[in-house]
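The values are calculated or read from the model by the stated rules, or taken from the named source; none is laboratory data. Everything quoted here is computed from the prediction, not taken from an experiment. Note that each Cβ is placed from the backbone with ideal geometry, even for glycine, and that neighbours are counted across all protein chains shown. Side chains included, ligands, DNA and RNA excluded: accessible areas come from the protein's heavy atoms. Shrake-Rupley method; radii C 1.70, N 1.55, O 1.52, S 1.80 Å.
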Amino acid sequence: MRAIIHTTYGSPDVLELQEIEKPDVPDDEVLVRVQAASVNPVDLYSLTGTPYLARILGGLRRPKSSNLGVDFAGTVEEVGRNVTQFRPGDEVFGRSGAFAEYVCVRDAVAPKPTNLTMEQAAAVPVAALTALQGLRDHGQIQPGRNVLINGASGGVGTFAVQIAKALGAEVTGVCSTRNVDLVRSLGADHVIDYTREEFTRNEQRYDLMLDVAGSRSWSECRRVLDPQATLVIVGAPKGSRLLGPLSHIVGVRLAAVRSSQKVVFFMAKPNRADLMVLGELLEDGKVTPVIDRRYALSEIADALRYLGEGHARGKIVLTV
Ligand SMILES: NC(=O)c1ccc[n+]([C@@H]2O[C@H](COP(=O)([O-])OP(=O)(O)OC[C@H]3O[C@@H](n4cnc5c(N)ncnc54)[C@H](OP(=O)(O)O)[C@@H]3O)[C@@H](O)[C@H]2O)c1
């Protein structure tokens with residue numbers, strides 16, 4: 001099968017499209033023929049090996065795994081002998097080493113919503129799971145609450161706006177000028193253009209802030225938070241080569257230690273139950289993936305370079 005391989009850390013230029021062995025399917029897994037994938041910032045971290053701290057797990061000198069990619073959609077080709085939930089021919093989406101013609105996956109796979117194309121389904125897993133878990137589990141979102149989403153126009157943000165609306169919140173999205181209409185069209189009740197308005201100086205207070213962009217200090221965030229509010233940190237600036245986004249996350253958490261507001265950072269957990277929750281929202285039309293650009297698998301380097309600019313409008317997908 002064809003797969004994107006990286007045997008050293010580096011820029012997207014180190015990626016190679018190679019012919020490798022198709023994986024054998026383990027007893028508890030399914031083998032999926034990938035038809036579409038999408039790119040995420042985590043692919044850039046894996047590719048570049050930064051922050052260096054992450055190399056403790058990913059491989060000190062060179063990557064332990066030469067595969068790349070997480071989000072996929074495709075068709076089940078074969079199932080392991082213990083698998084009862086899927087059959088060959090089922091259309092599925094999920095999270096596993098996705099930049100290849102075939103992937104094996106155990107839990108993080110679910111039936112593809114029938115109203116979605118493969119490209120739309122591949123746009124969902126990491127970004128939408130992050131938005132769902134950030135709002136529901138870590139932010140304890142409630143109907144009628146005031147929610148601020150900083151970084152509302154990218155992969156995570158476009159799902160977060162729609163999911164927060166579906167869960168009944170009053171939603172304010174923060175993005176740049178060219179994305180104001182997009183964020184409004186996703187259902188945001190209010191949109192703040194960060195190039196023209198300093199939202200941290202406004203009178204409005206929020207019960208929950210989902211910080212996808214990580215562009216503000218704690219002292220700025222706390223000004224717009226209710227005394228009992230929660231700040232859920234999703235993303236952060238690239239930071240130093242050693243610590244990367246961790247320096248922002250740790251800095252905010254330390255600064256907020258004595259505060260009445262709660263600060264949470266989390267890593268999204270891929271699992272079938274939440275993919276099914278998202279599947280329902282997608283089938284009901286309450287959430288629709290936003291696709292910015294499409295690339296062929298062989299154009300992976302261009303797709304990652306574009307993602308790395310940090311201004312994607314929704315998701316960037318690959319057709320495999
Ligand atoms: N914790 C987790 O489990 C988890 C999971 C997934 C992602 N993440 C992190 O979340 C972050 C976003 O991921 P993503 O997939 O959504 O990335 P993305 O698709 O590249 O989106 C980036 C977005 O950030 C916006 N942005 C840039 N500067 C901004 C600013 N100063 N204020 C407000 N918005 C700004 C951009 O909008 P404009 O073009 O309008 O500026 C763009 O739409 C990354 O740091 C990623 O590592 C964390």
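Anything in the range 73-92 that is surrounded by 15 or more Cβ atoms within 10 Å (Cβ to Cβ) and assigned to a loop (DSSP other than H, G, I, E, B)? List them, or say none.
Matches in the range 73-92: G80, V83, F86, D90.
Quick check on my filter: what residues within the range 267-279 are open to solvent by 90 Å² or more (accessible area, probe 1.4 Å) and touching a residue at least 60 places away in the same chain (Cβ under 8 Å)? Write out each step before concluding.
The initial filter retains those residues of the range 267-279 that are open to solvent by 90 Å² or more (accessible area, probe 1.4 Å), namely 267, 269, 276.
Hits for the range 267-279 are K269, M276.
Tell me which of these A213 doesn't satisfy, since it passes every other one: (1) under 23 Å from N179 (Cα atoms); (2) within 16 Å of the ligand (Cβ to nearest atom); (3) open to solvent by less than 20 Å² (accessible area, probe 1.4 Å).
The number of the failed condition is (3).
Taking the range 1-11 on its own, how many of its residues are surrounded by 15 or more Cβ atoms within 10 Å (Cβ to Cβ) and over 19 Å from A36 (Cα atoms)?
2
Consider the range 218-248. How many of its residues are open to solvent by 30 Å² or more (accessible area, probe 1.4 Å) and more than 12 Å from the ligand (Cβ to nearest atom)?
Selection size over the range 218-248: 11.
Restrict the check to the range 268-279 and report whether at least one residue is over 30 Å from E119 (Cβ atoms) and of a type outside the set (S, T, N, Q). Let's see the steps before the verdict.
Keep residues of the range 268-279 that are over 30 Å from E119 (Cβ atoms), which gives none.
No, the range 268-279 contains no residue that is over 30 Å from E119 (Cβ atoms) and of a type outside the set (S, T, N, Q).
Go through (1) open to solvent by 20 Å² or more (accessible area, probe 1.4 Å); (2) without any contact (Cβ under 8 Å) to a residue 60 or more places away in the chain and name the single condition R33 misses.
Single failed check for R33: (2).
Look through the range 37-67, keep the residues that are in a loop (DSSP other than H, G, I, E, B) and among the polar types (S, T, N, Q), and return whichever of them is surrounded by the fewest Cβ atoms within 10 Å (Cβ to Cβ).
S65
Any residue in the range 93-115 that is over 17 Å from A166 (Cβ atoms), at pLDDT below 95, in contact with a Phe, Trp or Tyr (Cβ under 6 Å, 6 or more places away or on another chain) and open to solvent by less than 10 Å² (accessible area, probe 1.4 Å)?
yes
Say whether the condition of being in a helix (DSSP H, G or I), more than 30 Å from G168 (Cβ to Cβ) and open to solvent by less than 20 Å² (accessible area, probe 1.4 Å) is met by at least one residue in the range 123-133.
Step one: of the range 123-133, the residues in a helix (DSSP H, G or I) are 125-133.
Imposing the further condition that a residue be more than 30 Å from G168 (Cβ to Cβ) reduces the set to none.
No, the range 123-133 contains no residue that is in a helix (DSSP H, G or I), more than 30 Å from G168 (Cβ to Cβ) and open to solvent by less than 20 Å² (accessible area, probe 1.4 Å).
If you go through the range 249-266, how many residues are touching a Phe, Trp or Tyr at 6+ places or on another chain (Cβ under 9 Å), within 14 Å of the ligand (Cβ to nearest atom) and open to solvent by less than 40 Å² (accessible area, probe 1.4 Å)?
Result for the range 249-266: 3.
Where residues in the range 150-170 are open to solvent by less than 10 Å² (accessible area, probe 1.4 Å) and within 9 Å of the ligand (Cβ to nearest atom), which of them is farthest from G314 (Cα to Cα)?
Just the residues of the range 150-170 that are open to solvent by less than 10 Å² (accessible area, probe 1.4 Å), to begin with: 150, 152, 157-161, 163-164, 169.
Cutting the leftovers down to within 9 Å of the ligand (Cβ to nearest atom) gives us 150, 152, 157-160.
Numbers: N150: 14, A152: 9, G157: 8, T158: 6, F159: 8, A160: 11 Å.
For the range 150-170, the residue satisfying everything is N150.
With respect to V70, determine if the residue is within 16 Å of the ligand (Cβ to nearest atom), open to solvent by 10 Å² or more (accessible area, probe 1.4 Å) and over 20 Å from K286 (Cβ atoms).
Values: within 16 Å of the ligand (Cβ to nearest atom): yes; open to solvent by 10 Å² or more (accessible area, probe 1.4 Å): yes; over 20 Å from K286 (Cβ atoms): yes.
Yes, satisfied.
How many residues are of a type in the set (A, V, I, L, M, F, W, C) and in contact with a Phe, Trp or Tyr (Cβ under 8 Å, 6 or more places away or on another chain) if we restrict to the range 16-30? Lay out the reasoning, then the answer.
Applying the first criterion (of a type in the set (A, V, I, L, M, F, W, C)) to the range 16-30 yields 17, 20, 25, 30.
Subsequent filtering for residues that are in contact with a Phe, Trp or Tyr (Cβ under 8 Å, 6 or more places away or on another chain) retains 30.
Residues that pass the stated criteria total 1.
Can you confirm whether V287 is within 11 Å of the ligand (Cβ to nearest atom), β-branched (V, I, T) and out of contact with any Pro (no Cβ under 8 Å at 6 or more places or on another chain)? Before the answer, list the steps.
Working: within 11 Å of the ligand (Cβ to nearest atom): no; β-branched (V, I, T): yes; out of contact with any Pro (no Cβ under 8 Å at 6 or more places or on another chain): yes.
Judged against the criteria, V287 is not a match.
Can you confirm whether G173 is surrounded by fewer than 24 Cβ atoms within 10 Å (Cβ to Cβ) and either more than 14 Å from the chain's Cα centre (by Cα) or at pLDDT below 95 (or both)? Explain how you work it out, then say what you get.
Numbers: surrounded by fewer than 24 Cβ atoms within 10 Å (Cβ to Cβ): no; either more than 14 Å from the chain's Cα centre (by Cα) or at pLDDT below 95 (or both): yes.
It is false that G173 is surrounded by fewer than 24 Cβ atoms within 10 Å (Cβ to Cβ) and either more than 14 Å from the chain's Cα centre (by Cα) or at pLDDT below 95 (or both).
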